[in-house]
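A short worksheet on the structure shown next.
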Amino acid sequence: MPIVALDEAAAILAGGGLVAIPTETVYGLGAHALDPRAIAGIFALKGRPTWHPLILHTVGDVDEHALADDRARALAAAFWPGPLTLVLPRRAHVPDALTGGRPTVAIRSPAHPLARALLARLPLAAPSANRFGGVSPTRAEHVLGEFPGLAVVDGGPCAVGLESTIIDLSRPAAALLRPGGLPIAAIEAVIGPLGSPGDTAAPGTLAAHYAPRARVIPTSDPRIEAIKQRDAGYTVAIIHASEPVGYARRLYDSLRALDGVDVIVVEWAPPGGLGDAINDRLRRAAASGEPHGNS
Ligand code: TXA
Ligand code: MG
């Protein structure tokens, strides 16, 4: 079964099952957003703690959630569908299972046409379709490699390749919770300067995350670092930076493809725009720490 067509995917989801879906950022592990039992299946399959809230994906009915918020309406008009997630006050029909019992809900309207075709039929909760703490999948094969037997809608390689940018609009000062596929400057051009998250930090923005099994070492000089690691007895692979759109698009695929060596040396992206999101992921992948080789 693993690769399924849209009608079959919609039937599985409507029945409370799980289907991996393509989005323009990364593949999501979808479940009916208003069905707590279906949502419980996501946490079980990913091995994710249930206090770690999920994003509600819709075709873009921000007005339903944010009639009172001008900033949400302006951002949705400018960037939806697209790689932007808005944290807003939660409404009563959103289940505790999705928000981890929080008073807020994260909402995103993805651009991928196959995701939109499904979302036209039902709203979906969808975290990235990988085991908790691992590298997000950007191709159907990545999902099937981790979850053989899971139903997957194959939408080809993801165009953006990094997760959505998350902005907290649940408090008076808008704050950046996670840099991502939509550059911060584009957002600030619409609603003005963003604050730092303070204590509303996205629970998912753990220091260690997005990590392959190999140890990740970001550096501005990959050749020198690679020689150092080889001399220390480790097997090493190198990922070189390229222009940011292409770098973002292939980063997770490269991390997965090279994950068999002891150490992956990765070149920092130039700062600014997508480079900030790339470097955020490299820092978190590196924070996973210990070299654990191939065992
Ligand atoms: O691009 C994306 O956003 C992908 C695709 C599949 O849409 N999804 C994704 O989901 O990256 P996930 O679950 O891997 O990351 C969602 C992040 C987590 O860090 C979570 O803590 C945060 O969003 N989040 C969800 N609800 C929140 C809320 N109410 N308040 C603050 N952070 C929230
Ligand atoms: Mg994730």
Check your understanding: If you take the residues of region 220-237 that are in contact (Cβ under 8 Å) with a residue 24 or more places away in the chain and touching a strand residue (DSSP E or B) at 6+ places or on another chain (Cβ under 6 Å), which of them is most open to solvent (accessible area, probe 1.4 Å)?
Key -> Y234
Review point. Out of all the residues in region 170-178, is one or more part of a strand (DSSP E or B), of a type in the set (G, A, S), more than 16 Å from ligand 2 (Cβ to nearest atom) and farther than 15 Å from G28 by Cβ?
Key: yes
Point to revise | Residue satisfying condition, being over 28 Å from L6 (Cα atoms) and not small (G, A, S), within set D154, D70 | key: D70
Check your understanding: Looking at region 161-169, is at least one residue away from ligand 1 (no atom under 12 Å from the Cβ) and either open to solvent by 40 Å² or more (accessible area, probe 1.4 Å) or within 29 Å of L194 (Cα to Cα) (or both)?
Key -> no
**Study point:** Residues located in region 109-133, provided they are open to solvent by 40 Å² or more (accessible area, probe 1.4 Å) and within 13 Å of ligand 2 (Cβ to nearest atom)
**Key:** R131, F132
Study note, to complete from the structure: Selection from region 88-108 of residues in contact (Cβ under 8 Å) with a residue 24 or more places away in the chain, among the basic types (K, R) and either within 16 Å of ligand 2 (Cβ to nearest atom) or crowded, with 19+ Cβ neighbours inside 10 Å (or both) yields R108
Practice item. Mind listing whichever residues of region 254-279 are open to solvent by less than 10 Å² (accessible area, probe 1.4 Å) and within 20 Å of A185 (Cβ to Cβ)? Key: A269, G275, A277, I278
Point to revise | Members of region 81-94 that are part of a loop (DSSP other than H, G, I, E, B) and modelled with pLDDT of 95 or more | key: P81, G82, P83
Review point. If the Cβ limit is 6 Å and pairs must be 6+ apart or interchain, which residue in region 109-129 that is farther than 19 Å from L75 by Cβ pairs with which residue that is away from ligand 1 (no atom under 12 Å from the Cβ) and among the β-branched types (V, I, T)?
Key: L114/V153; A120/V59
Revision key, fill the gap. The helices (runs of 4 or more DSSP H) lying entirely within region 215-295 that contain at least 1 residues which are farther than 22 Å from H142 by Cβ are 222-231, 274-286
Review point. Just one of the numbered conditions (1) open to solvent by less than 60 Å² (accessible area, probe 1.4 Å); (2) modelled with pLDDT under 95; (3) of a type outside the set (S, T, Y) is not true of E290; which one?
Key: (1)
Study note, to complete from the structure: The residue that is modelled with the lowest pLDDT, considering only those in region 1-48 that are part of a loop (DSSP other than H, G, I, E, B) and open to solvent by 40 Å² or more (accessible area, probe 1.4 Å), is M1
Exercise for review: Check off (1) near ligand 1 (Cβ under 8 Å from one of its atoms); (2) out of contact with any helix residue (DSSP H, G or I) (no Cβ under 8 Å at 6 or more places or on another chain) for V105 and give me the number that stays unchecked.
Suggested key: (2)
Review point. When residues of region 119-157 are filtered for being assigned to a loop (DSSP other than H, G, I, E, B), within 14 Å of ligand 1 (Cβ to nearest atom), closer than 19 Å to A211 by Cβ and not aliphatic (A, V, I, L, M), how many remain?
Key: 10
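The values are calculated or read from the model by the stated rules, or taken from the named source; none is laboratory data. What you are looking at is a predicted structure, and each value in this text was computed from that prediction instead of being measured. Because the Cβ atoms are built from the backbone with ideal geometry, glycine has one as well, and the counts that use them run over all protein chains shown. Side chains included, ligands, DNA and RNA excluded: accessible areas come from the protein's heavy atoms. Shrake-Rupley method; radii C 1.70, N 1.55, O 1.52, S 1.80 Å.
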